[in-house]
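The values are calculated or read from the model by the stated rules, or taken from the named source; none is laboratory data. The shown structure was predicted, so the numbers you read here are calculated from the model rather than taken from an experiment. All Cβ positions, glycine included, derive from the backbone under ideal geometry; neighbour counts span all protein chains shown. Keep in mind that these areas ignore ligands, DNA and RNA; they rest on the heavy atoms of the full protein, side chains included. Shrake-Rupley method; radii C 1.70, N 1.55, O 1.52, S 1.80 Å.
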Amino acid sequence: AQSVTQLDSQVPVFEEAPVELRCNYSSSVSVYLFWYVQYPNQGLQLLLKYLSGSTLVKGINGFEAEFNKSQTSFHLRKPSVHISDTAEYFCAVSPLLTQGGSEKLVFGKGTKLTVNP
Amino acid sequence: SAVISQKPSRDICQRGTSLTIQCQVDSQVTMMFWYRQQPGQSLTLIATANQGSEATYESGFVIDKFPISRPNLTFSTLTVSNMSPEDSSIYLCSLLLGGTQYFGPGTRLLVL
């Protein structure tokens, strides 16, 4: 089974400051890793994903994340945030099936990012 | 990516009634999923709906309460039966495409 821990439930930052949202996971098999964003009163939007290859992945809206297998982490970063980045961010993992592909996602509890002027 | 729509987008229902949520996608996909997001919580998988087979329910969810249909590769429905206020949540469908899950906009349900 897989589990995901998002260490910070809330992260307040000032506009134009850098931010890191932390995500650690546990799994006995290889996994795919994802970050989703949920803006107020909206559904989930995929920010970025790690399936294979380079451990540094870039997503939409200037976000990036780095997969660290030894530390089982997939932290999300942005060098300079905007007020419009205020949202809830969910880290998720999906086990890599032996025949390829993945199936159900396991989500972390989410981190509420609030960007203040 | 994929375009996913859900109907209704929101609803207010009386306890004891049932609501059917529709999910329409623009790609033919084998695997679709239904999630629940209770107020202030993360997402919990209700069931996996594969076309041509019975839905597979996660622990804590049963078919009598959440019957699911998957008549073709682009459509699925989730019914929330005999609703109680505890069923007030956002219900989201998703599909699996290229190893990635894409989510619909969600259905916001309030049960009074």
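Restricting to region B:1-41, and then to whatever is under 30 Å from A:Thr111 (Cβ atoms) and under 10 Å from the mean Cα position of the chain (by Cα), can you tell me which residue is most open to solvent (accessible area, probe 1.4 Å)?
Step by step, filter region B:1-41, then rank; the result is B:Arg36.
So B:Val25 fits all but one of (1) facing chain A (nearest Cβ under 10 Å); (2) within 29 Å of A:Leu51 (Cα to Cα); (3) at pLDDT 90 or above; what number is the exception?
(1)
Check whether at least one residue in region A:8-21 is within 11 Å of chain B (Cβ to nearest Cβ), surrounded by fewer than 16 Cβ atoms within 10 Å (Cβ to Cβ), touching a strand residue (DSSP E or B) at 6+ places or on another chain (Cβ under 8 Å) and in a loop (DSSP other than H, G, I, E, B), and report yes or no. Break it down into steps so the answer makes sense when it comes.
To start, the set of residues in region A:8-21 that are within 11 Å of chain B (Cβ to nearest Cβ) comprises A:9.
After this cut, where a residue has to be surrounded by fewer than 16 Cβ atoms within 10 Å (Cβ to Cβ) as well, the list is A:9.
Next, from what is left, pick out any that are touching a strand residue (DSSP E or B) at 6+ places or on another chain (Cβ under 8 Å): A:9.
Still in the running and in a loop (DSSP other than H, G, I, E, B): A:9.
Yes - at least one qualifying residue is present in region A:8-21.
If we scan region A:82-105, do we find a residue that is touching a Ser or Thr at 6+ places or on another chain (Cβ under 9 Å) and over 26 Å from B:Tyr91 (Cα atoms)?
The answer is no, given that none of the residues of region A:82-105 is touching a Ser or Thr at 6+ places or on another chain (Cβ under 9 Å) and over 26 Å from B:Tyr91 (Cα atoms).
Quick check on my filter: what residues within region B:75-112 are of a type in the set (S, T, N, Q) and touching a Ser or Thr at 6+ places or on another chain (Cβ under 6 Å)? Full working, then the answer.
First pass over region B:75-112, keeping only residues of a type in the set (S, T, N, Q): B:76-77, B:79, B:81-82, B:84, B:88-89, B:94, B:100-101, B:107.
Scanning region B:75-112 gives B:Thr77, B:Thr79, B:Ser81, B:Gln101.
When you go through B:Thr44, B:Thr48 one by one, which is the residue that is polar (S, T, N, Q), under 27 Å from A:Phe34 (Cβ atoms), open to solvent by 40 Å² or more (accessible area, probe 1.4 Å) and out of contact with any Cys (no Cβ under 8 Å at 6 or more places or on another chain)?
Residue meeting the stated conditions: B:Thr44.
Determine whether B:Leu78 is modelled with pLDDT under 95 and within 11 Å of the chain's Cα centre (by Cα).
Judged against the criteria, B:Leu78 is not a match.
Suppose we keep only residues that are more than 14 Å from every other protein chain (Cβ to nearest Cβ) and in a strand (DSSP E or B) within region A:26-71. Which one would you say is surrounded by the most Cβ atoms within 10 Å (Cβ to Cβ)? Break it down stepwise before answering.
Initial filter on region A:26-71 (more than 14 Å from every other protein chain (Cβ to nearest Cβ)): A:26-29, A:54-56, A:58, A:61-71.
Those still in the list that are in a strand (DSSP E or B) too: A:26, A:56, A:58, A:64-68.
Values: A:Ser26: 13, A:Leu56: 11, A:Lys58: 10, A:Glu64: 16, A:Ala65: 27, A:Glu66: 15, A:Phe67: 19, A:Asn68: 12.
So, considering only residues that are more than 14 Å from every other protein chain (Cβ to nearest Cβ) and in a strand (DSSP E or B), the one surrounded by the most Cβ atoms within 10 Å (Cβ to Cβ) is A:Ala65.
Taking region B:68-112 on its own, how many of its residues are away from chain A (no Cβ under 14 Å), surrounded by fewer than 19 Cβ atoms within 10 Å (Cβ to Cβ), without any contact (Cβ under 8 Å) to a residue 60 or more places away in the chain and not in a strand (DSSP E or B)? Give the steps one after another, and end with the answer.
Of region B:68-112, the ones away from chain A (no Cβ under 14 Å) are B:68-88, B:111-112.
So of that shortlist, the ones also surrounded by fewer than 19 Cβ atoms within 10 Å (Cβ to Cβ) come out as B:69, B:71-75, B:77, B:79, B:81-82, B:84-86, B:88, B:112.
Subset that is without any contact (Cβ under 8 Å) to a residue 60 or more places away in the chain: B:69, B:71-75, B:77, B:86, B:88.
Still in the list and also not in a strand (DSSP E or B): B:73-74, B:86, B:88.
Residues flagged as away from chain A (no Cβ under 14 Å), surrounded by fewer than 19 Cβ atoms within 10 Å (Cβ to Cβ), without any contact (Cβ under 8 Å) to a residue 60 or more places away in the chain and not in a strand (DSSP E or B) within region B:68-112 amount to 4.
One residue is enough: does region A:73-91 have a residue meeting the conditions among the polar types (S, T, N, Q), open to solvent by less than 40 Å² (accessible area, probe 1.4 Å) and either at positive phi or within 10 Å of chain B (Cβ to nearest Cβ) (or both)? Walk me through it before giving the result.
Going residue by residue through region A:73-91, those that are among the polar types (S, T, N, Q) are A:73, A:80, A:84, A:86.
Remaining after also requiring open to solvent by less than 40 Å² (accessible area, probe 1.4 Å): A:73.
Cutting the leftovers down to either at positive phi or within 10 Å of chain B (Cβ to nearest Cβ) (or both) gives us none.
No.
Which condition does A:Ile83 not pass, out of (1) modelled with pLDDT of 95 or more; (2) closer than 28 Å to B:Asp11 by Cα; (3) in contact with a Pro (Cβ under 7 Å, 6 or more places away or on another chain), if it passes all the others?
Failing condition for A:Ile83: (2).
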